[in-house]
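See below for the structure under consideration.
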Amino acid sequence: HLEYIIEYKFDGLGIALRYDDGKLTRALTRGDGQIGEDITLNVMEINNIPKIISHKGTIEIRGEVVMPRSAFDELNNRRLQSWEKLFANPRNAASGSLRQLDPTVTRDRDLLFFAYSCPDLEELHKTSTTENPTYYALIEKLWEWGFQTSKQWQWGELFFERKTGIESIVDMIHQMGKKPVCPFDIDGLVIK
């Protein structure tokens, strides 16, 4: 039987982080798939994004920036009191927060980043003859570097299940209604 991972698909803004010799040097939105917006200064204000990791060379980490629903409600309450236009949902609030000209606005918005991909490591594993790459191993490496993931984050485990066989995945999907409510908006589940 194959091993599967099932986790939340966060409803936020996809970004790519570039590290050069362990130092965060650039952050871009996903954009149109080819060209993204440079949001480096704003990303530097997100507390749970490591600014330094233990990696030599250049590496890209991808993930999602989200705004917890509690922070979204608080933000909209403040905007309501000052007669500002309300955000429609946490994804729009997170996206708007990263596109501010003043990075201190981003700092005050309680955004969080969840890492889920590292194309450079994935490519390295494809050419390796000694390693048996798994998504689980990638998530463990990201955690080791200080990134929050849906498996591990600073306030406990969200939703990240390792299952063997597709039948167990189908059972898990049917049990999702019994899980505690996620503190973030999601737009489905991801099976890898």
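The values are calculated or read from the model by the stated rules, or taken from the named source; none is laboratory data. Just so we're clear, the structure is a prediction, and the values are computed from it rather than from any experiment. Neighbour counts run over all protein chains shown; Cβ positions are idealised from the backbone, glycine included. Side chains included, ligands, DNA and RNA excluded: accessible areas come from the protein's heavy atoms. Shrake-Rupley method; radii C 1.70, N 1.55, O 1.52, S 1.80 Å.
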### Task
Hey, could you get me the Stokes-Einstein D for the stretch 21-62, Kirkwood radius over alpha-carbon pairs, 10 °C and 1.306 mPa s, rounded to whole µm² s⁻¹?
142
### Summary
The answer for the per residue Cα convex hull volume of the stretch 1-95, in Å³, is 158
### Message
Using a 1.4 angstrom probe on the protein heavy atoms only, could you order Tyr135, Tyr116 from most to least accessible area?
### Response
Tyr116, Tyr135
## Note on the structure
For the stretch 5-103, the dipole about the Cα centre with charges only on Cβ (Lys and Arg +1, Asp and Glu -1), to the nearest 20 debye, works out at 40
### Task
Loop only per DSSP, at most 11 neighbouring Cβ atoms within 10 Å: give me the GluC sites (Glu not before Pro) in the stretch 1-107, ordered by residue number.
Glu84
### Task
Count neighbours as other Cβ atoms within 10 Å of each site's Cβ, and list the chymotrypsin sites (Phe, Trp or Tyr not before Pro) in the stretch 17-115 that are DSSP loop with at most 13 such neighbours.
Trp83
